[in-house]
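Readers should treat all values here as calculations from the given coordinates under stated rules, not as data from a laboratory. Just so you know, these numbers come straight off a predicted model, no measurement behind them. A quick note on method: Cβ atoms are made from the backbone with ideal geometry, for glycine too, and the neighbour counts reach across all protein chains shown.
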Amino acid sequence: MLSKSSLRIVFMGTPDFAVESLRSLVEGGYQVVGVVTMPDKPVGRHQTVLQASPVKRYAEEKGLPVLQPEKLKDPVFLEQLRALRADLQVVVAFRMLPEVVWAMPPMGTFNLHASLLPQYRGAAPINWAIINGETETGLTTFFLQHEIDTGNIIRQVRVPVAPTDNAGDLHDRLMQLGGALVTETVDLIARGDVQTVAQPSPADGIALKPAPKIFKETCRIAWCEGVKRAYDFIRGLSPYPAAWTELVEGDKRLILKVYAAEMETAVPGEPVGTLVTDGRSAMRVALPDGYLRLLSVQLAGKKRMDIADFLRGFHPSGPLRVE
């Protein structure tokens with residue numbers, strides 16, 4: 001049994017979602033001996049400015065040693081990692097680790113994943129849970145093993161999903177809860193009080209829902225699938241990377257991102273994809289089983305705005321539709 005101040009922890013993570021867990025460890029008095037994060041990312045028009053990850057910025061603010069390997073099997077990095085003499089490694093929103101890394105510390109490596117595993121294994125569990133209309137999701141800590149997101153479960157927290165939540169809302173709520181779950185898991189491991197359970201598999205009669213990485217092509221709205229599906233799809237991709245469609249006016253086509261919408265149950269009187277607007281404060285899309293009222297949109301090259309502001313500056317010369 002080790003006290004939290006004597007347990008040597010290496011933390012691995014990159015985005016904002018991981019910062020809360022790192023903060024919980026640091027401010028909770030745990031001994032974080034090093035932080036591993038992605039290399040600085042080129043940004044800007046000419047890709048000449050390097051931007052540090054949120055985890056790196058927080059780690060440097062707290063004076064923690066930072067490692068930023070290009071390759072996780074690089075012998076130099078592995079030697080630096082061994083030199084930290086970690087008892088335990090904690091991973092939150094990082095890369096897939098090779099066995100030489102996750103098997104290094106004597107007390108193992110655990111990961112915080114933003115779903116109730118085994119559901120939504122993959123890179124985008126928060127997005128896909130909302131896209132699929134889930135009313136509940138959660139967080140899981142589990143020990144890493146060879147196959148991604150398949151290790152034995154340590155702890156889970158169940159979290160309701162409100163029908164109006166978007167991915168940003170759920171992200172922030174899970175991020176805050178994640179910090180507490182990480183410290184709880186570390187405490188269990190330090191006390192030698194961990195009793196893990198194996199994840200259910202399809203062989204147990206479980207139908208698994210994946211959470212693959214999201215690309216631009218993934219984000220195109222399929223209006224023909226109905227009001228509820230389109231509504232969930234939009235909020236599952238809001239505020240980032242945002243669902244999109246093509247706005248068609250005669251021969252002109254523009255990319256339109258949709259950030260927020262409301263469902264309207266009605267019998268549509270127009271073909272699917274028809275845009276119905278009063279030209280002032282309302283714009284609706286006709287779907288097979290109703291309408292979707294657009295609330296917040298962004299045309300390519302323009303800023304995001306609510307629909308009333310959008311309509312004040314958008315004056316079509318003919319009928320509109322989305323595809």
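Name the long-range amide H neighbours of residue 137: under 5 Å, sequence gap of 5 or more, or other chain; modelled H, no Pro or chain starts.
Counting only residues 5 or more places away or on other chains, the set is 159, 161.
Once you keep just the Cα pairs under 8 angstrom separated by 6 or more residues, what percentage relative contact order results for the chain?
Relative contact order here is 14 percent.
Return the sequence-ordered ³J(HN,Hα) values of segment 276-282 in whole Hz as given by the Karplus equation 6.51 cos²θ - 1.76 cosθ + 1.60 applied to θ = phi - 60°, using x for Gly and Pro.
Result, rounded to whole Hz: 10, 9, 8, x, 10, 9, 9.
Cross-link list 213/303; 71/213; 41/303; 62/303: which exceed 29 angstrom alpha carbon to alpha carbon?
62/303
How much of the DSSP bridge set in the chain is antiparallel, in percent, rounded to the nearest 5?
Approximately 70 percent, going by the DSSP bridge assignments.
Rank 316, 261, 160 by how far each Cα sits towards the positive end of the charge dipole of the chain (+1 on Lys, Arg Cβ; -1 on Asp, Glu Cβ) and give me just the farthest.
So the residue furthest toward the plus end is 316.
Under 23 Å between alpha carbons, and skipping anything fewer than 8 positions from residue 302 in its own chain: which lysines qualify?
Within the straight-line limit of under 23 Å, residue 302 reaches these lysines: 216, 252, 257.
Based only on other Cβ atoms within 10 Å, what is the fewest-to-most ordering of 109, 277, 141, 265?
Going from least to most buried by this count: 265, 277, 109, 141.
Once phi is turned into ³J(HN,Hα) by the Karplus curve 6.51 cos²θ - 1.76 cosθ + 1.60 with θ = phi - 60°, what whole-Hz value does each residue of segment 108-118 show in order, with x for glycine and proline?
Computed from phi, the couplings for segment 108-118 are x, 10, 10, 10, 9, 10, 8, 7, 8, 4, x Hz.
Give me the number: length gained by fully extending residue 304 to residue 280, i.e. 0.36 nm times residue separation minus the C-alpha to C-alpha distance, one decimal in nm.
That works out to 6.9 nm of additional length.
Please give the helix 167-191 orientation as an angle from the longest Cα principal axis of the chain, in degrees from 0 to 90, rounded to the nearest 10.
That works out to roughly 10 degrees.
How far apart, in nm, are two points set 7 Å out from the Cα along the Cα-to-Cβ line at residue 41 and at residue 136?
3.4
Tell me which residues come under 5 Å, amide H to amide H, from residue 244 once H is placed; ignore anything under 5 positions away on its chain.
220, 221, 258
Restricting things to Cα coordinates, could you compute the convex hull volume per residue of the chain in Å³?
158
Where does the charge balance sit around residue 172 when Lys and Arg score +1, Asp and Glu -1, over other residues with C-beta under 12 Å from its C-beta?
Residues close to residue 172 contribute a combined charge of -3.
List the residues, sorted by chain then number, that are 5 or more residues from residue 283 or on another chain and whose placed amide H is less than 5 Å from its amide H.
When sequence neighbours closer than 5 places are left aside, the close amide H contacts are 294.
Going through segment 215-323, which trypsin sites (Lys or Arg not before Pro) have at most 13 other Cβ atoms within 10 Å and a DSSP loop state?
Answer in residue order: 280, 303.
How high is the FRET efficiency between residue 74 and residue 147 when r is their beta carbon distance and R₀ equals 22 Å, given to the nearest 0.05?
The pair residue 74/residue 147 has a calculated efficiency of 0.40.
Please go through segment 117-180 and write out the GluC sites (Glu not before Pro) that DSSP classes as loop and that have at most 13 other C-beta atoms within 10 Å.
Within segment 117-180, the qualifying GluC sites (Glu not before Pro) (loop, at most 13 other Cβ atoms within 10 Å) are 147.
Within segment 19-89, which GluC sites (Glu not before Pro) sit in a loop by DSSP and count at most 14 neighbouring Cβ atoms inside 10 Å?
Here the GluC sites (Glu not before Pro) that fit, given the DSSP loop and packing criteria, are 70.
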